[in-house]
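Read-outs throughout are calculated quantities, based only on the coordinates presented, and are distinct from any laboratory measurement. No experiment lies behind these values; they were computed from the predicted model shown. A quick note on method: Cβ atoms are made from the backbone with ideal geometry, for glycine too, and the neighbour counts reach across all protein chains shown.
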């Protein structure tokens, strides 16, 4: 009997656990350790943040789902990895601390034969003074939509503001990224247009000045160096379409900005040219930068070897070319990116989703004359996370069952595409969403003139996009609950 | 009404015509678009799994 331990039960971890459990016989164990009791379909948090959905619509309890399929579920936070074991353990193990009410604070050492690190990000609010509360949580001046609870709170604040606006208040709304090194601009993009839509529906749009603030060099970069699509007889940059939408919906934008301080009703930011500015707000939703989960690693003598397993931001090393980062943007290649997501030192450890350390950015690295880096970090959420989770599970199952000594499946972001449906307002007949497909995620300028296949890269906005996003909401929650036919719904 | 200010950032961007905006929520047109998005996404998924 062998044991696979999976740390995290987000998109990557839950996908890996579900498929591993399905493919492995009952003689093998699948253990999931995650501090959360509920699974969250994060893309729909946007709608919770404007009151279009309830928290219950976007979360469900993990325990009954895992019990149904025979996954050993521990509601616990991973603290450390011991890939060589130690004096007490012959086998490698992880240390976890329980977060469930019945065992809160208790620690346990769980041995493993194979390990998947799919812990997702730590929401690093405290990277920007005032954005966090000093203890790792969102601060009092702004709101967030990163979790279902954050989104619930955001909606309460938004509704309170709308009530004031109905009485005549003129309001400044600021939405975007709360640091120069943020990723996940898509969430801010979705939220700003959903807020704009909600203000229209409440009849107070004319009372609001809405501004988008971002660390992107241009709108439409999204941490992927932007994209080009064929439209109207032209090959056109996504920047043009993004700016068009912002203009159409009367949303101002501030690009190339690093928010360096948040106060009550005001953000301070530095632009890429080094200039310093302020922007006032009555309501602000700013995305925090992401960091790794903050796990430690120890060798067999219990010496700290965290640097051997994780980069300084806390993301795990896998089969990427980490030397490529210093070769400079002009020399980056698709082959720099990982394929199997296997750790190069410990072959029984894999990382999937946000937890793996990217070799470098996708967007061009930039910094202000003051030395402040202002560039989006690489997105690796959603569809790529799920595909990595499945590929890693497939490889590990083959290795556990003795079919191979090496990973049998790959999930390289250079050979996979991404589909993104970004809501721009919820409504079965008046909603809209931007539907985008791109292939590949990591641009390849040796293979494609514009870095990506123009036949596989496409974008449109309309009601149909909203229907697709709504359909995906129900389909992926059905799949995540492992209901009949769940394997037929693709990642 | 949106106010376009000369020499400001929104003075230089293309904006959709009324017909284009109408098509975005025209149910018949959007049913066709819905089919197209699904085909595009299916092709993408098939290309992406290795």
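Key figures for this structure:
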{"item": "Burial ordering of A:330, A:56, A:109, A:196, fewest other beta-carbon atoms within 10 Å first", "result": "A:330, A:56, A:109, A:196"}
{"item": "Test item: A:408-417 mean partner chain Cβ contacts at 10 Å", "result": "3"}
{"item": "Highest-first arrangement of A:179-191, A:407-419, A:240-252, where packing means the average Cβ count within 10 Å", "result": "A:179-191, A:407-419, A:240-252"}
{"item": "Centre separation in Å (Cα based) which lies between the stretch A:371-386 and the stretch A:239-291", "result": "18 Å"}
{"item": "Whether the protein assembly as shown is rounded, prolate or oblate, judged on the alpha carbon gyration tensor where a/c under 1.5 counts as rounded", "result": "prolate"}
{"item": "Contour excess over end-to-end distance, with Cα ends at residue A:1 and residue A:372 and 0.36 nm allotted per residue", "result": "128.4 nm"}
{"item": "Length added when fully stretched, residue A:478-residue A:296, from 0.36 nm per residue minus Cα-Cα", "result": "62.0 nm"}
{"item": "Separation between Cα centres of the stretch A:177-195 and the stretch A:463-491, rounded to whole Å", "result": "24 Å"}
{"item": "Within chain A, percent of DSSP bridges classed antiparallel, to nearest 5", "result": "55 percent"}
{"item": "Segment residue A:169-residue A:133, length gained on full extension (0.36 nm per residue, minus Cα span)", "result": "10.2 nm"}
{"item": "Label point distance in nm, residue A:108-residue A:454, each placed 7 Å from Cα along Cα→Cβ", "result": "5.6 nm"}
{"item": "Cα gyration tensor category, rounded, prolate or oblate, for the stretch B:9-48 with a/c compared to 1.5", "result": "oblate"}
{"item": "Sorted by Cβ density within 10 Å, fewest first, the residues A:361, A:471", "result": "A:471, A:361"}
{"item": "Helix-only [θ]222 nm of the protein assembly as shown, DSSP H runs n ≥ 4, -39500 (n - 2.57) each, per residue, nearest 500", "result": "-8500 deg cm²/dmol"}
{"item": "Residue order, fewest to most surrounding Cβ atoms within 10 angstrom, among A:423, A:335, A:237", "result": "A:335, A:237, A:423"}
{"item": "Estimated FRET transfer efficiency (residue A:406, residue A:27; beta-carbon r; R0 30 Å; 0.05)", "result": "0.85"}
{"item": "Rounded, prolate or oblate (a/c below 1.5 giving rounded, otherwise prolate when a/b exceeds b/c) for the stretch A:1-85 by Cα gyration tensor", "result": "prolate"}
{"item": "In nm, spacing of pseudo-spin labels at residue A:275 and residue A:89 (7 Å Cα→C-beta vector)", "result": "5.5 nm"}
